[in-house]
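Working notes, structure below.
Please treat every number below as a calculation from the coordinates, not as lab data. Treat the numbers as computed from the prediction; the structure is a model and nothing was measured. Cβ coordinates were reconstructed from backbone atoms using ideal geometry, including for glycine residues, and neighbour counts include every protein chain displayed.
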Amino acid sequence: MAAPATKVEESHRIGSPAAPTCCTDGERVIAYFGSYGVLAYDWNGKELWKKPLPTPIVEFGTSASPIIADGKVIVVADQDVGGYMIALDVQTGAEVWRVDRSDFRRSFSTPFVWRHDGIEELVVCGSLMTRSYDLKDGNLRWSAGGMARVSNTSAVADGGLLFVCGWNVGGDEDDRVEMEPHEAFLAARDQDRDGLLSESEFPEGPVRSRFTIVDADKDGKVTKSEYDVMRGMFANAVNQLCAIKPGGRGDITNTHVVWSQTKHLPYVFTPVTSSGRVFTVKGGGLASAYDVKSGSPVYQAERLEGASGEYYASAVTADGRVYVVSQRGVFSVLDAKSEKLSVLARNDLKAPVFASPAIVDGVIYVRTDKRLMAFEAPKQ
């Protein structure tokens, strides 16, 4: 079934215009394509409803997946201009509420529903900040600063705490990307004296290589406003994994963050929890585990032998095990209860994997670049 897009959006060189994962309530399958919008199908592939949406303004393409919660389809469209979040009625596709997120720039995090103390909060990780909203009407509950410049991971929860994680270039204190004040930079670099900055007027380096991010509206010229926004983002970005306790309202940055870790953080891999621990895998195959309550490392940056490379797929957990798969397709099974890194099994699928595995009824489903594979334990 082809989505009715008239023009397919740009995507990252290792990405895809079909990056968002579908979701279902058991009766409908919901798909989101940045090139078109949201579509609902029944199990026979019949279209039930559709909701066209503008193509997000970001040259890397769409990535955040839709979720279904409280009878609504939630879509986060953080982008470089005009970001928003929308809730659609899952049965009809009618808009229930919409939240302006234009003060955020691009991010690719799927929203998360945090259930605790008899309530449900809609948590969205974004550029520089995490926010929580009421599912019913989209009203803001709280905000917590201390996020990366671009957010790729999603929040998770366990043990009464919420965990958010983010890493991006320029967010570590010993690796800051600094931009000089606009007035001085313009005076030195504006060769044609038009008051704007083109890519060629930036010196070689980390800022020029991110020109398409600085140029928010993609018109080939950077204004003072665009420059100042990016300068502020580089200055204020925080790379960390942190735990947040419930009950917050307003700005909770300094009141509800229980603990944080700032080293050996994943780029895209969303942390998972099991057996009272939070697990991450950084590019290069460096695995870490932290105590859920205290944040103390159980082990940190331990190498997964034979499973190096990038990790774009997030992990899944079951029966005291953590299942992680590298971009190259090496599947490692970790013992979640061990006091040190313990790899129970390692299997090479011999195919690239970018999509997170899923576990249903004892079967692990894995999508490679060309196949959908299913694994289950041998019958006794």
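Points worth noting:
- Rg/Rh (Cα only; Kirkwood hydrodynamic radius) as it applies to the chain: 0.97
- Residues whose placed amide H lies under 5 Å from that of Thr368, excluding near-sequence neighbours: Met373
- The chain, helix-only ellipticity at 222 nm - DSSP H runs n ≥ 4, -39,500 (n - 2.57), divided by all residues, nearest 500: -2000 deg cm²/dmol
- Residue-wise HN-Hα coupling along the range 361-373, computed from phi with Karplus coefficients 6.51, -1.76, 1.60 (Hz; x: Gly, Pro): 6, x, 10, 9, 9, 10, 9, 8, 5, 10, 9, 10, 10
- Of the peptides 88-98, 270-280, the ranking by mean beta-carbon count within 10 Å, highest at the top, reads 270-280, 88-98.
- 19 Å Cα-Cα threshold exceeded, pairs from Lys7/Lys218; Lys7/Lys50; Lys7/Lys72; Lys50/Lys72: Lys7/Lys72
- Dipole of the range 131-177, positive end: most advanced residue of Ala148, Tyr133, Val164 [Cβ charges, Cα centre]: Tyr133
- Subset of Lys263/Lys293; Lys293/Lys337; Lys224/Lys282 violating a 24 Å alpha-carbon distance limit: Lys224/Lys282
- Built amide H within the under 5 Å cut-off of Gly37, gap 5+: Leu53
- Along the range 220-235 the Karplus relation, 6.51 cos²θ - 1.76 cosθ + 1.60 evaluated at θ = phi - 60°, assigns HN-Hα couplings of x, 9, 9, 8, 4, 4, 4, 4, 5, 4, 5, 4, x, 5, 4, 6 Hz to successive residues, with x for each Gly and Pro.
- Straight-distance crosslink candidates among aspartates and glutamates, where the alpha carbon sits under 19 Å from Lys46 and sequence neighbours closer than 8 are dropped: Asp25, Glu27, Asp89
- Rounded to the nearest whole Hz, the Karplus-based 3J(HN,Hα) values (6.51 cos²θ - 1.76 cosθ + 1.60, θ = phi - 60°) of the range 238-251 follow the sequence 10, 8, 6, 10, 9, 10, 10, 8, x, x, x, 9, x, 7, with x at glycine and proline.
- Mean separation of Cα contacts under 8 Å (6+ apart) over length of the range 166-309, as relative contact order %: 18 percent
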